[in-house]
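Below you'll find the structure, written out as structure tokens, and then a few comments.
Just so you know, all these numbers are worked out from the coordinates, no wet-lab data involved. These numbers were taken from a predicted model, which means no experiment stands behind them. Here the Cβ is made from the backbone with ideal geometry for all residues, glycine too, and neighbour counts use every protein chain on show.
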Amino acid sequence: MGLFSFNSASNFGGILVSLFGRYTKYKKIIKSNIEVLNLNNETSSKLVRDNLKETGKVFFEFFNLNKFDWENININNTDILDEIKAHQGPKIFISAHIGNWELTRNFILRNGFTLHSVYRHANNEKIDNYIQKNRKNDNAFFYKKGSESAKSMIKALKQNEDLALLIDQRDSSGLEIDFFGKKALATDGFANLAIKYKTMICPVYSIRNQNGTFQIIFEKPMRYEQYKNYNIKEFVETIHKKYFEKWITHSPAQWLWVHQRWKL
């Protein structure tokens, strides 16, 4: 894959996974999950195919992130990015597995922020080492999920540095919320940290355009005064409904449906 250009790897991955993904368990998971959208059979079948293709693109793009041409990024709401830069306190950038989430984080890094993130260790040690090597950056810090990562997150916020977290997937130890009208388990760690350290919440995500370029979209940030009276469940559920449901409904093929999101 290292011999491919970014776009070539993307196209190859999309074709490969769309062809062979239909014979895996992931097709069934996607098909089951998208029932929350209440689509007709024809639309549902097309969405499954499109989602397998998008998943393949994102996975294979990862091998060539260093070859991405940043001229192919369009930013929505530069005024919001300026507002975030001007904020003096710690911030938590929240995003979802939509578009290409690695590009989303890299865009924020390129804009001068120092980011601390938690990751789930890959089952294969060699693959995990490769992933972390590709993510290495002077202003990017990654911590394996667990008790030590929590301590690192707290330390970063106390030092007035920022977190970048993907919080849209299932957390078996999380709390139960309503997501697209169904019960789902969601992570609540970010909410506890935000309330305790009075952080700004900065929702941001990317969307792939039909011509292969990307949009980075910043939503209006939430300041502590806006969420301080929420309990944790209200806070987490608000994030999912206000942002994630809207993003996914707008671009359903580009969200990572292959996770067991509604498994309780």
Which value, to two decimals, describes the C-alpha radius of gyration of the stretch 32-77 once divided by 2.2 N^0.38 Å?
1.61
Please report TRP101, TRP257 as a ranked list, fewest other C-beta atoms within 10 angstrom at the top and most at the bottom.
TRP101, TRP257
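Going by how many other beta carbons lie within 10 Å of each one, how would you line up TRP262, TRP247, TRP70, fewest first?
Details: TRP262 16, TRP247 22, TRP70 10.
If I rank by nearby Cβ atoms, fewest first, I get TRP70, TRP262, TRP247.
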Set LYS46/LYS220; LYS233/LYS263; LYS133/LYS155; LYS91/LYS228 screened for pairs whose C-alpha atoms are more than 26 Å apart:
LYS46/LYS220
Those residues of the stretch 236-264 whose amide nitrogen sits under 16 Å from the label point placed on LYS27, 7 Å along Cα→Cβ:
258
Placing each pseudo-label 7 Å from Cα in the direction of the beta carbon, ASN74 and LYS196 end up separated by a distance in nanometres of 4.2 nm
Projected onto their principal axes, the Cα atoms of the stretch 129-197 stretch, largest extent first, over whole-Å spans of 41, 31, 20
FRET efficiency (GLN215, ASN41; Cβ distance; R0 41 Å; to 0.05) is 0.85
What helix-only [θ] at 222 nm does the chain give? Using -39500 (n - 2.57) per DSSP H run of at least 4, over all residues, to the nearest 500, the answer is -13000 deg cm²/dmol
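Dipole of the stretch 1-127, Cα-centred, from +1 at each Lys and Arg C-beta and -1 at each Asp and Glu C-beta, to the nearest 20 debye?
Magnitude of the dipole: close to 620 debye.
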What percent of all Cα-Cα pairs in the stretch 72-251 falls in each 5 Å bin, counting up from 0?
1, 7, 17, 20, 22, 18, 10, 4, 0
Check each of the trypsin sites (Lys or Arg not before Pro) in the stretch 94-202 and keep only those in coil by DSSP with at most 15 other C-beta atoms within 10 angstrom; list them in order.
ARG120, LYS136, LYS145, LYS198
I need two numbers for the stretch 60-160: Rg to one decimal and Dmax as a whole number, Cα atoms only, in Å.
14.7, 42
Going Cα to Cα from LYS25, which aspartates and glutamates come in below 18 Å? Please leave out same-chain ones fewer than 8 positions away.
GLU35, ASP50, GLU54
On full extension of the chain, what length is gained from TYR224 through PHE12, given 0.36 nm per residue of separation minus the C-alpha to C-alpha distance?
71.9 nm
Please list, in order, the residues from the stretch 181-210 whose amide nitrogen is less than 18 Å from a point placed 7 Å along the Cα→Cβ vector of THR238.
186-204
